[in-house]
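For reference, the structure discussed in these notes is given below.
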Amino acid sequence: MMKPESPFDVQDRVNAWVDHGKFVLSGAQGGRLAGLTFAVKDIYDVAGYQTGFGNPTWLQTHEPASLTAPLVQALLDAGATLKGKVITDELTYSLNGDNLHYGTPTNVNAPGCVPGGSSSGSAAAVAARLVDFALGSDTGGSTRVPASYCGIWGLRTTHGSLPVAGVLPLQPSFDTLTWLANDANVFEKVGEVLLPATQHEFHRVLHWEETWQAADESLHEGLRDVQRVVQARLGLDAESVPLLGSGQTLEDWRHAYHVASASEAWQTHGQWITQHKPELGAAIAARFEFARGVTASQAQAAWDRIATIHQQIRAQIGDDGIVVLPSSASTAPEINADMAAIDDVRLRTMRLTCVAGLSGVPQVSLPLHTAPGKPFGVSLLGPPGSDLALLRLAKQVATDLACA
């Protein structure tokens, strides 16, 4: 059992940490990440400590972990110091960033607004500069959305590219492991430690107008700026191509994802929910209730639809295409927004986030601001396995934008 090597010393002014996650483990000396600190979403196992999954009943019904998740261990071995565990939305089944039991972490870059979820504590801690970076996860947007709302760097990795051992799942066919950072250089350093090496080069810039139209008009100027810089840096003109086939809509795609992923969530956690009857927030309880009712034939129809969409997206991107698209449909909603407004934003955002989810490709979100100064994210999406090249291009784009 690992023991803390020094007292927990974070002044948690943003309500990001869970009580059972307040510990410190020092990284190896002299590693590539020496001197950096990180936190982990409370879905990652750390030997000797409990993993709470955003729900007190889960915490009560599970023993401390016997092993540390390989991804966490890789960061410790690279010299980074672990500053404990941070809040996740319950069972990671939300994009909003609130938690019935542990509260809503503070979004310091958008006061009065939600941080986004489900990697809410990870994003809030990074945005407040309480750690240099934080591990999260992204199934339906759980890192890209908080990164966008909090004005920080985040990504969705190529599905299956990072080891998921020791990490609690929600929907394994869509779950990916991720991280968030304030500083682009730190974001890249972590990528160099965790991601496979890449030789990808981008020779086509694709423009999917359907994704831009799914986002608020206030985000379009930033989208145009990023696409202009991408074109200039690569020396390419954007090709305007339809993402959707005849008769398709992004809502159809979202619905296919919704049904298939819900079915898988129930397969993954239905037995535990039925046995222990945990208290869940109203929105998350409703999602699991829907998941309980998905029939085998409904799930199979959705999976069949997804197979077609998966092939369609990957065929368009090929091994050298890149796309600029919104990370979320809007800036962060206000904390006291009514449920109808929150659900509208969630549905519109999932029409965007499902694209990478359905195809399993990487997507990097870089931070921008609207004219009034509210943060939002613009993403670069690329071929499977191009994560590190995509990350490095996003960093170059951000530098060019800052110098423009």
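The values are calculated or read from the model by the stated rules, or taken from the named source; none is laboratory data. These numbers were taken from a predicted model, which means no experiment stands behind them. Glycine gets a Cβ as well: all are built from the backbone with ideal geometry, and neighbour counts include every protein chain shown.
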Give the residues of the range 1-44 that are among the charged types (D, E, K, R) and in contact with a strand residue (DSSP E or B) (Cβ under 7 Å, 6 or more places away or on another chain), sorted by residue number.
Glu5, Lys22, Lys41, Asp42
Only one of these conditions is not met by Ala356: (1) crowded, with 24+ Cβ neighbours inside 10 Å; (2) assigned to a strand (DSSP E or B). Which number is it?
(2)
Does Trp303 satisfy being under 30 Å from Gln60 (Cα atoms), aromatic (Phe, Trp, Tyr) and not assigned by TED's automatic domain parsing to the domain that holds Ser148?
no
Top-ranked residue in the range 48-96 [being β-branched (Val, Ile, Thr) and outside any loop (DSSP other than H, G, I, E, B); ranked as surrounded by the most Cβ atoms within 10 Å (Cβ to Cβ)]:
Val86
Pick from Leu33, Leu59: which is among the aliphatic types (A, V, I, L, M), closer than 15 Å to Ile87 by Cβ and assigned by TED's automatic domain parsing to the domain that holds Val114?
Leu59
So how many residues does the range 219-267 have that are on the phi < 0 side of the Ramachandran plot, not β-branched (Val, Ile, Thr) and not in a helix (DSSP H, G or I)?
11
Count - residues of the range 314-342 that are assigned to a helix (DSSP H, G or I) and either under 14 Å from Ser379 (Cα atoms) or free of Cβ contacts under 8 Å to residues at least 40 places away in the same chain (or both):
3
Quick check on my filter: what residues within the range 201-215 are part of a loop (DSSP other than H, G, I, E, B) and surrounded by 19 or more Cβ atoms within 10 Å (Cβ to Cβ)?
Phe202, Trp208, Ala214, Ala215
Among the residues of the range 146-155, is there at least one that is part of a loop (DSSP other than H, G, I, E, B), touching a strand residue (DSSP E or B) at 6+ places or on another chain (Cβ under 7 Å) and of a type in the set (Val, Ile, Thr)?
yes
Being in contact with a strand residue (DSSP E or B) (Cβ under 7 Å, 6 or more places away or on another chain), in a loop (DSSP other than H, G, I, E, B) and under 24 Å from Ala128 (Cβ atoms) is the requirement here; does Ser142 meet it?
yes
Determine the pairs where a residue that is over 23 Å from Ala65 (Cα atoms) and outside the structural domain of Thr353 (by TED's automatic domain parsing), located within the range 142-169, has a partner that is modelled with pLDDT under 95 and assigned to a loop (DSSP other than H, G, I, E, B) with Cβ atoms under 7 Å apart, the partner being 6 or more residues away or on another chain.
Ser161/Pro196
Going through (1) in contact with a Phe, Trp or Tyr (Cβ under 8 Å, 6 or more places away or on another chain); (2) more than 21 Å from Trp266 (Cα to Cα) one by one, Gln311 fails only at (1)
